[in-house]
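*Asks:* First the structure, which I've put down as structure tokens, then a few questions once you've had a look.
The values are calculated or read from the model by the stated rules, or taken from the named source; none is laboratory data. Treat the numbers as computed from the prediction; the structure is a model and nothing was measured. Positions of Cβ are generated from backbone atoms using ideal geometry, with glycine treated the same way; all protein chains shown enter the neighbour counts.
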Amino acid sequence: MTSGPKFNTFIDEAHRFLVIRPIGAMFGAELVERVMQLYRSLKAPWTYNRIVDLRRYDGHITTADLDNAAAAWEEISAGIDYRLSVAMVVRDAYEKLRLPEISERFPNETICYFSDYHEAIGWILAEDHSRYLDGLGPIPQRRRDVGAIQIE
């Protein structure tokens, strides 16, 4: 039995953050619409930091999808001076390269990529985001596979 895509959310009122977790194959336009429906359901969505967990998302987010998301968000947050933190959780640190540039479309948001969900939550909850990131250490470097067997 195959089930369709899922759109799971969690709202932590006490810490003012929300988690968005699309699962399965879903068009980017549908994902954007579901996210905007969530934001419209909140009294002041610009007061919630976010975790967007894309590890089990099998869709493709296009530049047009992000442009539509930015336009919808601009309409929702019109006239509001806000600053948010957004943790993007992807399969690995290099997967962010396949996503269109997000930061330029959301200038009031600090966007940071993680491959570990718990590290993303730690960053969202940290009082000093830079210090938290410094404590994580460097991102492991991916080695080019030259086809040779290496014993370490």
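*Asks:* With the condition being surrounded by fewer than 16 Cβ atoms within 10 Å (Cβ to Cβ) and among the hydrophobic types (A, V, I, L, M, F, W, C), I'd like the strands (runs of 3 or more DSSP E) fully within region 1-108 carrying at least 1 qualifying residues.
*Replies:* On the way: elements: 6-12, 17-23, 49-53, 84-89.
Fully inside region 1-108 and qualifying: 6-12.
*Asks:* For the subset of region 22-52 comprising residues that are of a type in the set (F, W, Y) and farther than 16 Å from A71 by Cβ, which member is modelled with the lowest pLDDT?
*Replies:* The selected residue is F27.
*Asks:* Write out, first by first residue and then by second, each pair whose Cβ atoms fall under 9 Å of each other, whose residues are 6+ apart or on separate chains, and whose first residue, in region 11-24, is under 14 Å from L42 (Cα atoms) while the second is among the basic types (K, R) and in a strand (DSSP E or B).
*Replies:* Between residues of region 11-24 that are under 14 Å from L42 (Cα atoms) and residues that are among the basic types (K, R) and in a strand (DSSP E or B), the close pairs are F17/R50; L18/R50; V19/R50; I20/R50.
*Asks:* How many residues does region 24-60 contain that are over 23 Å from I121 (Cα atoms) and touching a Gly at 6+ places or on another chain (Cβ under 7 Å)?
*Replies:* 6
*Asks:* Quick test for you: out of E127, E101, E109, pick the one residue that is within 13 Å of the chain's Cα centre (by Cα) and at pLDDT 85 or above.
*Replies:* After applying the criteria, what remains is E109.
*Asks:* For region 1-21, what are the residues that are modelled with pLDDT of 95 or more, out of contact with any Phe, Trp or Tyr (no Cβ under 9 Å at 6 or more places or on another chain) and among the β-branched types (V, I, T)?
*Replies:* Answer for region 1-21, where residues must be modelled with pLDDT of 95 or more, out of contact with any Phe, Trp or Tyr (no Cβ under 9 Å at 6 or more places or on another chain) and among the β-branched types (V, I, T): just T9.
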